[in-house]
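Engineer: Mind having a look at this structure? Questions to follow.
The values are calculated or read from the model by the stated rules, or taken from the named source; none is laboratory data. Just so it is clear, the structure is predicted and the values come from calculations on it, not from any experiment. Here the Cβ positions follow ideal geometry from the backbone for every residue, glycine too, while neighbour counts run over all protein chains shown. Areas reflect the complete protein model, heavy atoms only, side chains present, ligands, DNA and RNA absent. Shrake-Rupley method; radii C 1.70, N 1.55, O 1.52, S 1.80 Å.
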Amino acid sequence: MAVQPEVEKKGFMSSVLGLVDDTFTRVTAGISPGEVRRMLRGEAPGRPNPRLKPHTEAFLLHIKPTYYHESVTRFTHTFRLGLLSTYLFLFETITGLILMVWYTPSPNQAYVDMIRLLSNVPFGQFMRDLHRIGAELMVAIVTLHMVRTYLTGSYKAPRQFTWFTGVILLVLTLFLSFSGYLLPWDQLAYWAVTIGTSMAEAVPPAIVGETVNLLARGAPDIGANGLLRFYLLHVLFLPLILFLFFFVHYYKVVHFGISLPANEEEVGQDTANRIPADRRVYFLPDVLMDETVFIIGFSAIMVLAVAFFFSAPLESIANPQSTPLHTVAPWYFYWLQGMLKIADKMIAGVILPGILLVLLIAIPYLDRNPSRRAKDRRVAIISGVIAGVVMIILSWMGTPQYAVSAAPAVEVVQELMPEEGAGAIREAGYAHVPVGVFDSRVPVEEQTTDEEWRAIVEEFSASIAHFDGIDPEFNNAWGTITVTQDQPSLRRILWEIHWVDSEGVEENFKRFFFLHEDSLYWEQYGLKDFRWLTETQEGE
Amino acid sequence: MKRPWYNFIYVRSPIAKILLGGAALLLTLALFGFTFIIEEPRMEAQTNSWTGRSIEKGAEIFANNCTSCHGVDGKGLPGVAPALHSHYFFTQRLTDLGYAGSLHDYVAGTVAAGRPSKAISQWAQIMPTWGVNYGGPLRNDQVQDVTAFVMNWEQDALQQTAEEDPWQPFQDAKTTDISGTMALPPSAPADGEARAPQDLFTVMGCQGCHNLEQDQTADNRGAIAPNLGNLDTEAGNMVAGQDALTYVINSITHPNDFIVEGYAAGIMPQNFPDRMSAEEIANLAQWLLDQAAAN
C-alpha cells in the first residue's frame, strides 16, 4: 500500500485511524473494534455473526466450539474441572521448565541444587512451591473431574472412548506427579519412590517383576541411573504421552459436545450437539470471558496459598542406608499404602490396582442403564459413593496413624521431634528451647516460663501418660528432656524415657538431636512462619 | 426454567466479570510484589538455615564417631587425639604445618583422608579415613557437615586464654610455643582426693582404644588394643604369677612389660604413673574388673 496517495485521498487522521482499525482487527483475528465494544456491552451479535471469524482464522480458537448449550455453561454443571486440568498441565509445564534451569539429575548434584534453588535463586522457592502445589492440585482436580463425570453419567454412549482416554489421563497424571517426587533427592522422595517401585517388583511372574523394577530403577536400588530415568520420565516421556492423550480426549469432548444435564433430554438420547438457536451461548465473548476470569481467579488463589499457606518440603539428603521412621507415600497414594498394610504386596500392590484400573475403564460397558438421571441410577451412584468411602478409609489406613506404631518411647519422641521433617520442637525453634533439664513428673509451671516450651513439655508428659495408659508393656513411665549448649548457637536435646515392662524389668530409651539457631523447619501445609523476616532485620 | 437455590453464584454481568478478573489479577500482582520484597531476607534466612542444618548433622556424626578420641567437647584426650576446640588450633596450627589452604579445607581433608601415619607422633591411634572417596563410611556431604560442625567452635575457641587452651604439641611437628599449653597431660589433682575411676577411663583416653562393652575373642579383636569386656576372666591367665588385679595394675603402669600377641608395643602411653596416684590406678583397675564382670 502506497502511503502517500492514501493520505492524500482520505486525509491524515482518517488514514491513521483506518490503519489502527486494520491492525486491531488482525490482532483479534477478525473482530473489529466496534464489535469488541458491542461484546463488552453485552449486546447481541449481528447476522451473520461477525464473532465467528476468529474460530476459522486463529489456530488456538479453531479447536474450541463456536457456541455451547446454555445449560452446560453453568458453573455447577462441570465446575470447569476439565479446563482447570488443562490449565494446570500448562502451568506445570511452564513452572517446570523454569525449575529445570537450576536442576541437574544426578545424586551428587540434585540435592545441592535444591538448596541452591531455595537459598540463592530469587523466586526459587516461590517457583518450586507453585510447581508442587500445582502438581497436587492437578491430581485432585483430575480426580474430581472424573467423579463429576461419573455422577452425571456422562461416560455413557456415545462417550465411552472419551471416558477411556480420561482414565488414561488420570493414570498419567498420577505417574507424572509421582515421578517428580524423586527429583529433590531427599529422604522423603527417596523412600516414597523406593516403596512405589518395589510394588513393580511384585508383578508376577518374578522375572517380569524384576525386569520392570530394574528398568524403572536402573539398578537393584535407586541410584544415579534411577534418578536420570525418573527425570526423563517426568520432563519428557510422560508429558508427551499426556499431551497426545489430552488432544484425543479434547477432540472427543468437542466432537460429542459436553453432555447436557440429564433432565433436559429424553432418556437414551444425546442431544448435546443439537442446540436450539435460543439456547446458544457463543464462545466469543461469553465463554471466553468466563474461562479467563475463572483461570485468573484460580491462579490468584494458588499464588495466595504459596505466599502464606504452602511450602514444598525438603528433608535431609537421600540416604539409602537409613530408612526414616514412618515413611509415607504422597497423599494421593495413601490408599495404596493402606492396602499394602493389610494384604500381600502382589495382591494389594499389583492385582487389586490392576483390577481397579480395568474396572474404571470398563464402567461404560458394565453400566448398560441408558438413563443418566440420578433417580434411575441408584445402584451406580450408591456403589460410587461406597467406592469413595472405601478409598477414604484405605487412605486413612495408609497414614502412620494406622498399624505401624513403633515402641511407645520411640513414638513419644517421634511425635515432638521426628527423624525427618519439622515437629513441634523444631517449629518452635532454638529460641524457645531453653537449656536445662525438664522432667515429666514435675509440674511444668515450676520448670519454665516460656509459653511455647511449656506447651511442648506438657505434650511430652501427656504423650507418655497416654502410652502408659494403653500399653501393658509400658508402665510407671516418666521421661526427661535435657537441653545442653554444645557449641555457640547449637543445642543438644537429649530425650530419656524410663518405664517398667510387664515383667517388672526397668527399661529406658535415649535419643538425642541437635538444633541450630539459624535452622528453619517448616510443615508443608499451614500458615507460614515469617519470624526470620523480623529476626534478620534485628540482626543487622 | 426453575432457578436453583444457588443461582446467586452465577455472575452474568460482563462488567462484573471483568472487575472480578481484574481484582484477581491485581491480587496476584500484589502477592508477586510481596514475594519480591521479602526475597532478599528470605534467601539470607535460607542460606543460614542450611548452614545450621549442616552443623546439626555434623554434630550428630561427631557425637557418634569422633568423641571417643577427640572428647565430647572436642578438647581432645591426652595421648589419644588432639584438641579441635582450641585457640591454637584455630590460629596457629596451619602456620606451624605450613599448610597453604584454609582451615576449613584442612579439616575437611583430614576428616576425609585421615592422617597418613603415627610414626613419630605421640597419638595412640591414627586418624582413620572417613570420606567415601578414601574408603571410609561418610559421604562427601557428611564430611562437609562434620567440617561445618568443627569450624563452628571457632567463636568459642578464640575466647580461650592460653591457660584454657587444651592444645598439646605434636611430637612430629614444629609447634609455636604457647605458654600454658598442656605440655604434660593433667596429673593427679593437687588436693590429693582420688578421682572417680569411670571419669579417669574417659579423661585418660582409655576408651579411645579399649572397648569395655565387647569381649576380646579370637574373632572379635579390638582394632588398636584388646577389648576389655571379658577382662575379669582373662586377666588372671595372661602372665604367670600375676593375679587379675596385679596384671591390670601392672599393664597400666608398665604397658610394655607384656604385650598381648598381635598388638604393637609403645602404643599405650607409658606415663600413667605420673598422671594418676597409685590409689587411683588401683581403683581404676578394680573398677575395670568389676565392669567386665557385670557385663
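Engineer: Which of the residues belonging to segment A:113-125 are facing chain B (nearest Cβ under 7 Å), closer than 14 Å to A:Val101 by Cβ and under 22 Å from the mean Cα position of the chain (by Cα)?
Structural biologist: A:Phe123
Engineer: From the set of residues in segment B:7-64 that are outside any helix (DSSP H, G or I) and not small (Gly, Ala, Ser), which is surrounded by the fewest Cβ atoms within 10 Å (Cβ to Cβ)? Walk me through it before giving the result.
Structural biologist: Applying the first criterion (outside any helix (DSSP H, G or I)) to segment B:7-64 yields B:10-13, B:38.
Imposing the further condition that a residue be not small (Gly, Ala, Ser) reduces the set to B:10-12, B:38.
Working: B:Tyr10: 13, B:Val11: 15, B:Arg12: 8, B:Ile38: 15.
Looking at the filtered set, the residue picked out is B:Arg12.
Engineer: Please go through segment A:113-146 and give me each residue that is farther than 29 Å from A:Tyr334 by Cα and surrounded by fewer than 19 Cβ atoms within 10 Å (Cβ to Cβ), ordered by number.
Structural biologist: A:Arg116, A:Asn120, A:Pro122, A:Phe123 - these are the residues of segment A:113-146 that are farther than 29 Å from A:Tyr334 by Cα and surrounded by fewer than 19 Cβ atoms within 10 Å (Cβ to Cβ).
Engineer: If a residue has to be open to solvent by less than 40 Å² (accessible area, probe 1.4 Å) and either in contact (Cβ under 8 Å) with a residue 24 or more places away in the chain or not in a loop (DSSP other than H, G, I, E, B) (or both) to count, how many in segment B:222-233 make the cut? Break it down stepwise before answering.
Structural biologist: Step one: list which residues in segment B:222-233 are open to solvent by less than 40 Å² (accessible area, probe 1.4 Å), which gives B:222, B:225-231.
Applying the additional criterion that residues be either in contact (Cβ under 8 Å) with a residue 24 or more places away in the chain or not in a loop (DSSP other than H, G, I, E, B) (or both) yields B:225-226, B:228-231.
Total satisfying the criteria: 6.
Engineer: List the residue pairs whose Cβ atoms are under 8 Å apart, where the first residue sits in segment A:1-27 and is assigned by TED's automatic domain parsing to the domain that holds A:Ala58, the second is of a type in the set (Asp, Glu), and the two are 6 or more positions apart or on different chains.
Structural biologist: Cβ pairs passing all conditions: A:Ser15/A:Glu6.
Engineer: Test each condition in (1) open to solvent by 60 Å² or more (accessible area, probe 1.4 Å); (2) among the polar types (S, T, N, Q); (3) part of a loop (DSSP other than H, G, I, E, B); (4) at pLDDT 85 or above for B:Gln214 and report the one that comes out false.
Structural biologist: Only one criterion is unmet by B:Gln214, namely (4).
Engineer: Sticking with this structure for a sec: State whether the residues of segment A:261-270 include one that is open to solvent by 60 Å² or more (accessible area, probe 1.4 Å), of a type in the set (Asp, Glu) and outside any helix (DSSP H, G or I).
Structural biologist: Yes, the conditions are met somewhere in segment A:261-270.
Engineer: Then there's this: Got a number for residues in segment B:2-52 being under 30 Å from A:Leu288 (Cα atoms), within 7 Å of chain A (Cβ to nearest Cβ) and among the small types (Gly, Ala, Ser)?
Structural biologist: 2
Per-residue answers, yes or no, for (1) of a type in the set (Lys, Arg); (2) within 27 Å of A:Leu130 (Cα to Cα):
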{"residue": "A:Ala318", "(1), (2)": "no, yes"}
{"residue": "A:Leu340", "(1), (2)": "no, no"}
{"residue": "A:Lys345", "(1), (2)": "yes, no"}
{"residue": "A:Ser371", "(1), (2)": "no, no"}
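Engineer: May I ask you to verify whether A:Ile94 is surrounded by fewer than 18 Cβ atoms within 10 Å (Cβ to Cβ) and on the phi < 0 side of the Ramachandran plot?
Structural biologist: Numbers: surrounded by fewer than 18 Cβ atoms within 10 Å (Cβ to Cβ): yes; on the phi < 0 side of the Ramachandran plot: yes.
So A:Ile94 passes the test.
Engineer: Of all residues in segment B:67-79 being on the phi < 0 side of the Ramachandran plot and within 13 Å of another protein chain (Cβ to nearest Cβ), which is surrounded by the fewest Cβ atoms within 10 Å (Cβ to Cβ)? Spell out how you get there, then give the answer.
Structural biologist: Kept after step one, since they are on the phi < 0 side of the Ramachandran plot, are these residues of segment B:67-79: B:67-70, B:72-73, B:75, B:77-78.
Checking the rest, the ones that are also within 13 Å of another protein chain (Cβ to nearest Cβ) come to B:67, B:72-73, B:75.
On the way: B:Thr67: 16, B:Val72: 13, B:Asp73: 15, B:Lys75: 20.
Per the stated criteria, the residue is B:Val72.
Engineer: Continuing with the same structure: Just one of the numbered conditions (1) closer than 30 Å to A:Asp129 by Cα; (2) assigned to a strand (DSSP E or B) is not true of A:Trp522; which one?
Structural biologist: Every condition holds for A:Trp522 apart from (2).
Engineer: When the residues of segment A:24-82 are filtered to those that are of a type in the set (Phe, Trp, Tyr) and over 21 Å from A:Ala277 (Cβ atoms), which remaining residue is farthest from the other protein chains (Cβ to nearest Cβ)?
Structural biologist: Taking segment A:24-82 first, the residues of a type in the set (Phe, Trp, Tyr) are A:24, A:59, A:67-68, A:75, A:79.
Filter again for over 21 Å from A:Ala277 (Cβ atoms), leaving A:24, A:59, A:75, A:79.
On the way: A:Phe24: 19, A:Phe59: 24, A:Phe75: 6, A:Phe79: 11 Å.
The residue in question is A:Phe59.
Engineer: For segment A:407-424, give me each residue that is within 15 Å of A:Ala477 (Cβ to Cβ) and open to solvent by 10 Å² or more (accessible area, probe 1.4 Å).
Structural biologist: A:Ala407, A:Pro408, A:Val410, A:Glu411, A:Glu415
Engineer: Still on this model: Using the structure shown, decide if A:Leu233 is out of contact with any Cys (no Cβ under 8 Å at 6 or more places or on another chain), within 14 Å of chain B (Cβ to nearest Cβ) and surrounded by 15 or more Cβ atoms within 10 Å (Cβ to Cβ). Before the answer, list the steps.
Structural biologist: Working: out of contact with any Cys (no Cβ under 8 Å at 6 or more places or on another chain): yes; within 14 Å of chain B (Cβ to nearest Cβ): no; surrounded by 15 or more Cβ atoms within 10 Å (Cβ to Cβ): yes.
Answer is no for this residue.
Engineer: If you don't mind, another one. Are there any helices (runs of 4 or more DSSP H) wholly within segment A:361-437 with 1 or more residues that are within 30 Å of B:Gly52 (Cα to Cα) and under 27 Å from the mean Cα position of the chain (by Cα), and if so which?
Structural biologist: Details: elements: A:378-398, A:408-416, A:423-428.
By residue number, A:408-416, A:423-428.
Engineer: Taking segment A:285-324, which residues are open to solvent by less than 50 Å² (accessible area, probe 1.4 Å) and more than 12 Å from chain B (Cβ to nearest Cβ)?
Structural biologist: A:Phe310, A:Ala312, A:Pro313, A:Pro324 - these are the residues of segment A:285-324 that are open to solvent by less than 50 Å² (accessible area, probe 1.4 Å) and more than 12 Å from chain B (Cβ to nearest Cβ).
Engineer: Given the criterion away from chain A (no Cβ under 14 Å), open to solvent by 60 Å² or more (accessible area, probe 1.4 Å) and not small (Gly, Ala, Ser), identify the matching residue among B:Tyr99, B:Tyr88, B:Tyr106. Write out each step before concluding.
Structural biologist: Numbers: B:Tyr88 fails: open to solvent by 60 Å² or more (accessible area, probe 1.4 Å); B:Tyr106 fails: open to solvent by 60 Å² or more (accessible area, probe 1.4 Å).
The match here is B:Tyr99.
Engineer: Which residues, counting only those in segment B:253-295, are among the charged types (D, E, K, R) and open to solvent by 50 Å² or more (accessible area, probe 1.4 Å)? Give the derivation first.
Structural biologist: Quick first cut of segment B:253-295, residues among the charged types (D, E, K, R) only: B:257, B:261, B:274-275, B:279-280, B:290.
Scanning segment B:253-295 gives B:Asp257, B:Glu261, B:Asp274, B:Glu279, B:Asp290.
Engineer: Which of the numbered conditions does A:Leu144 fail, given that it passes all the others? Conditions: (1) part of a loop (DSSP other than H, G, I, E, B); (2) out of contact with any Asp or Glu (no Cβ under 6 Å at 6 or more places or on another chain).
Structural biologist: Exception for A:Leu144: condition (1).
Engineer: Just a yes or no: is a residue in segment A:374-386 in the same structural domain as A:Asp270 (by TED's automatic domain parsing), crowded, with 16+ Cβ neighbours inside 10 Å and closer than 30 Å to A:Ala157 by Cα? Explain how you work it out, then say what you get.
Structural biologist: Of the residues in segment A:374-386, the ones in the same structural domain as A:Asp270 (by TED's automatic domain parsing) are A:374-386.
Still in the running and crowded, with 16+ Cβ neighbours inside 10 Å: A:377, A:380.
Checking the rest, the ones that are also closer than 30 Å to A:Ala157 by Cα come to A:377, A:380.
For segment A:374-386, residues in the same structural domain as A:Asp270 (by TED's automatic domain parsing), crowded, with 16+ Cβ neighbours inside 10 Å and closer than 30 Å to A:Ala157 by Cα: present.
Rundown of residues vs (1) surrounded by fewer than 20 Cβ atoms within 10 Å (Cβ to Cβ); (2) in the same structural domain as A:Gly423 (by TED's automatic domain parsing); (3) in a strand (DSSP E or B), yes/no style:
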position: A:Trp453; (1), (2), (3): no, yes, no
position: A:Phe460; (1), (2), (3): no, yes, no
position: A:His466; (1), (2), (3): yes, yes, no
position: A:Thr480; (1), (2), (3): yes, yes, yes
position: A:Gln485; (1), (2), (3): yes, yes, yes
position: A:Trp499; (1), (2), (3): no, yes, yes
position: A:Gly504; (1), (2), (3): yes, yes, no
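Engineer: Further question on the same structure: Applying the selection to segment B:234-245, what residues are open to solvent by less than 70 Å² (accessible area, probe 1.4 Å) and in a helix (DSSP H, G or I)?
Structural biologist: Filtering segment B:234-245 down to residues open to solvent by less than 70 Å² (accessible area, probe 1.4 Å) leaves B:235-236, B:238-239, B:242, B:244-245.
Residues satisfying the conditions are B:Ala235, B:Gly236, B:Ala244, B:Leu245.
Engineer: Test each condition in (1) surrounded by fewer than 17 Cβ atoms within 10 Å (Cβ to Cβ); (2) over 16 Å from the mean Cα position of the chain (by Cα) for A:Trp331 and report the one that comes out false.
Structural biologist: Every condition holds for A:Trp331 apart from (2).
Engineer: Here is a follow-up. Return a yes/no flag: does segment A:97-110 have any residue that is in contact (Cβ under 8 Å) with a residue 40 or more places away in the chain, buried (at least 19 other Cβ atoms within 10 Å of the Cβ) and either within 13 Å of chain B (Cβ to nearest Cβ) or acidic (Asp, Glu) (or both).
Structural biologist: yes
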